[in-house]
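Peer 1: Input: one structure, supplied below.
Every number in this text was worked out from the coordinates using simple rules, so none of it is lab data. All values reported here derive from a predicted model rather than from experimental measurement. Because the Cβ atoms are built from the backbone with ideal geometry, glycine has one as well, and the counts that use them run over all protein chains shown.
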Amino acid sequence: MKIIARDIPPRTVWALEQAGVHPLLARLFAARGVLAKDELDDGLARLLLPDTLRGTREAAVLLADAMAQDKRLCIVADYDCDGATACAVGVRGLRLLGAKHVSYLVPDRVVDGYGLTPPIAERVADSGADMLITVDNGIASVEGVAAAKARGLQVLVTDHHLPGPELPIADVLVNPNQPGCDFESKSIAGVGVMFYVLLALRSELRARGVFDVATQPKLDALLPLVALGTVADVVKLDANNRRLVAQGLRRIRAGAMPAGVAALFKAAGRTASAATTFDFGFALGPRINAAGRLADMTLGIECLLTDDAGRADELARMLDGINRERRDIEGGMRDQALLLAESLFAPDGEGIEAPPAAISVFDANFHEGVVGIVASRIKDRFHRPTFVFAASGAPGKEEELKGSGRSIPGFHLRDALDLVAKRHPGVLLRFGGHAMAAGCTVAREHFKTFEQALAQVAGEWLAASALTRQIETDGPIAREYMRIDLVDTLHREVWGQGFAPPTFSEEVEVVSQRLVGEKHLALKLRHQGQPIDAIWFSHTEPLPPKVKLAFRLDADEWQGVRRLRFLVEGAEF
């Protein structure tokens, strides 16, 4: 592992400080590409305009006409947190704007697979719906959209995933990554796309005289859900996404949120009034995702839709229980998957060789609901693009393997799958995704071919330097900023993918170290001559007396007293 410091342009830091930005924040923002204070304005007025997202005007007309004719609308969701929040935003928003008949359907991960498939389209048609609306899926559902159209359904696709070579023939497509779309925020999440469609619909209904500026429904009530789905989907937090997240956090901290969001904070043992992006990514998001992984995402969506606090608490407790089960399954799978991965490059037990450029792992006992999480853990351990596969649980598809992949910087996972598909026709039955995360299905007999083909592409695309894990940090932290109040200041900001949380690095003296909970390293350090506690989660190897650490600032509370501590992210020695 190599710890490197970000470039911090001094003139930009000075300009931000002169504009009134706190000196520490000025340094952090400048290192992340912020050039001027107005870029930090998170007001709703600074959001990109809906008209710039291709398809929103046409979607607004389509929906407004359907609502005027009392048509039945059915949302087809996805089974992750982005899909669940997008579905809840769609249902809540359409009802808020006057739609009388709005239902939803969420595919089963095991039985239905991903996206709008022909059988799902048939189920929507059989339900009596007139219009099918996808959220967080559909851009690759050529056959599913065709099946829906054949049954007489109008189809509106809202998605953010990368399109394949053929676009579905829907009535309207809304996707920032479709050809010809100039929307600046290509990284907007599925929930954000649906929110933008609702903004356009409200504008269309205003133009039709359904309401005016004074009487129109306030869609900002949906922003807590938009913020949650955006962070949980680990999309790049560009300026527009940061504004959406900041607006959602602001409302949650003020107590203005759906009952289900409040209940999830309670079930996770987190404090909503001090909500952070970490709560979305590591507490609420996993609990909603667990439903789609091990049970039925309907539980997660219902939790986000209910306005009954008691019902919300009941559903949040159920989601919490499912998440505990998910963690148990994941733990066993992770250990087995790590052993399998290590066997790939230490087959004779004669010492650890360099891992292959990409890792693919399959075990017949793996649960397909958590392969993505396990892939992420292996990727973090070995710093290699990683796919983890499980046998499909769908009836009649037992010989198919469903894989989920996670990547490292510099390796576009979906593009890599596309190249594998071209080089080895028939090996990939289905695939899709993003640069950093993707999914695919292969026949069991072709697993080895896929494993070798992906490793070959990675070997061609990744330089040796890219295969060494690097942690970018903000360099040393001045002693004057080692304060609890500044920890709170940092936590209130919007951090995440593409706008990394503040991480510092310095050489420290290790005074003592011990294992806690058998898997975490608790440390007492001397930093700039002063004692400080630290914790390195999920790390057990001891450290030398002097070591360069990458760490984040955190507050630890014990018996009502809050103390500063370091959360260790990595070490170079």
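Peer 1: Would you mind checking which residues have amide H under 5 Å from residue 362's amide H? H placed 1.01 Å from N; only 5 or more apart, or other chain.
Peer 2: Counting only residues 5 or more places away or on other chains, the set is 389.
Peer 1: Residue 100 to residue 211: FRET efficiency via 1/(1 + (r/R0)^6), r the Cβ-Cβ distance, R0 22 Å, to the nearest 0.05?
Peer 2: Values: r = 16 Å, r/R0 = 0.71.
The value I calculate is 0.90.
Peer 1: Among the listed pairs 2/379; 524/548; 236/519; 37/548; 236/397; 379/524, which are separated by more than 23 Å between their Cα atoms?
Peer 2: Table pairs above 23 Å Cα-Cα are 236/519; 37/548; 236/397; 379/524.
Peer 1: Let me ask another. When the chain is fully extended, how far beyond the present Cα-Cα distance does residue 335 get from residue 513, taking 0.36 nm per residue of separation? Each step should come with its number before you reach the end.
Peer 2: Details: separation 178, 0.36 × 178 = 64.08 nm, distance 2.45 nm.
Extra length from residue 335 to residue 513 when fully extended: 61.6 nm.
Peer 1: Divide the volume of the convex hull of the Cα atoms of the range 416-528 by its number of residues and quote the answer in cubic angstrom per residue.
Peer 2: Working: hull volume 22.2 nm³, N = 113.
Per residue, the Cα convex hull of the range 416-528 comes to 197 Å³.
Peer 1: Evaluate the distance, in nm, between pseudo-label points positioned 7 Å from the Cα of residue 71 and of residue 541 along their respective Cα→Cβ axes.
Peer 2: Label at residue 71, label at residue 541, 5.9 nm between them.
Peer 1: So if R0 is 51 Å, what FRET efficiency would residue 256 and residue 446 give, r being the distance between their Cβ atoms, rounded to the nearest 0.05?
Peer 2: 0.50
Peer 1: Over the range 45-257, what is the relative contact order in percent, taking alpha-carbon pairs closer than 8 angstrom and at least six residues apart? The partial results should precede the final answer.
Peer 2: Details: 438 pairs, mean separation 53.8, N = 213.
25 percent.
Peer 1: Taking the beta-carbon count within 10 Å as an exposure proxy, list 512, 343 from fewest neighbours to most.
Peer 2: Working: 512 8, 343 12.
Sorted ascending by nearby Cβ count, the order is 512, 343.
Peer 1: Once the other residues with Cβ under 10 Å from the Cβ of residue 405 are scored (Lys, Arg +1; Asp, Glu -1), what is the net sum?
Peer 2: Details: positive: 379, 406, 414; negative: none.
The answer is +3.
Peer 1: Still on this structure, please answer the following. Which of 74, 303, 181 has the fewest other C-beta atoms within 10 Å, and how do the rest follow up to the most?
Peer 2: On the way: 74 21, 303 29, 181 15.
Fewest-to-most ranking of 74, 303, 181: 181, 74, 303.
Peer 1: Further question on the same structure: So how long is each side of the range 45-257 along the principal axes, counting just the alpha-carbon atoms, biggest first, in Å?
Peer 2: Here the Cα extents, ordered largest to smallest, are 44, 38, 34 Å.
Peer 1: A further question on this structure: Which percentage, to the nearest 5, of the DSSP beta bridges contained in the chain is antiparallel?
Peer 2: On the way: 50 of 77 bridges.
The antiparallel fraction comes to roughly 65 percent.
Peer 1: Let me ask something else. To one decimal place, what orientation-averaged projected area in nm² is obtained for the convex hull of the Cα set of the range 471-572?
Peer 2: 6.9 nm²
Peer 1: While we're here: With contacts defined as alpha carbon pairs under 8 Å and 6 or more residues apart, what's the relative contact order of the chain in percent? Display every interim value, and only then the final one.
Peer 2: Values: 1165 pairs, mean separation 70.6, N = 573.
Over the chain, the number comes to 12 percent.
Peer 1: On to the next question. Mind pulling up the Rg/Rh value for the range 244-297? Radius of gyration and Kirkwood radius, both on Cα.
Peer 2: Numbers: Rg = 11.2 Å, Rh = 11.4 Å.
Dividing the radius of gyration by the Kirkwood radius yields 0.98.
Peer 1: Take the alpha carbon atoms of the range 396-429, find their center, do the same for the range 207-251, and report the distance between the two centers in whole angstrom.
Peer 2: Measuring centre to centre over Cα atoms gives 34 Å.
Peer 1: Right, another one. Can you list the HN-Hα couplings for the range 526-535, worked out from phi with the Karplus curve (6.51, -1.76, 1.60; θ = phi - 60°), rounded to whole Hz and with x for Gly and Pro?
Peer 2: Values, residue by residue: 10, 10, 6, x, 10, x, 8, 7, 8, 9 Hz.
Peer 1: Which whole-number percent of Cα pairs in the chain have a distance greater than 30 Å?
Peer 2: Values: 88429 of 163878 pairs.
Looking at the chain, the distances longer than 30 Å represent 54 percent of pairs.
Peer 1: Taking every DSSP beta bridge that has both residues in the range 510-573, what percent is antiparallel when rounded to the nearest 5? Walk me through the numbers on the way to the answer.
Peer 2: Values: 24 of 27 bridges.
If I count the DSSP bridges inside the range 510-573, around 90 percent turn out antiparallel.
Peer 1: Taking GluC sites (Glu not before Pro) as candidate sites, keep only those in a DSSP loop with at most 12 other Cβ atoms within 10 Å, then name the longest stretch of the chain containing none of them.
Peer 2: Values: sites that count: 166, 350, 353, 398, 399, 518.
Here the longest run is 167-349.
Peer 1: Take the Cα pairs of the range 1-152, get the Kirkwood Rh, then feed it into Stokes-Einstein at 25 °C and 0.890 mPa s and tell me D in µm²/s. Could you put the intermediate results ahead of the total?
Peer 2: On the way: Rh = 18.9 Å.
Estimated diffusion coefficient is 130 µm²/s.
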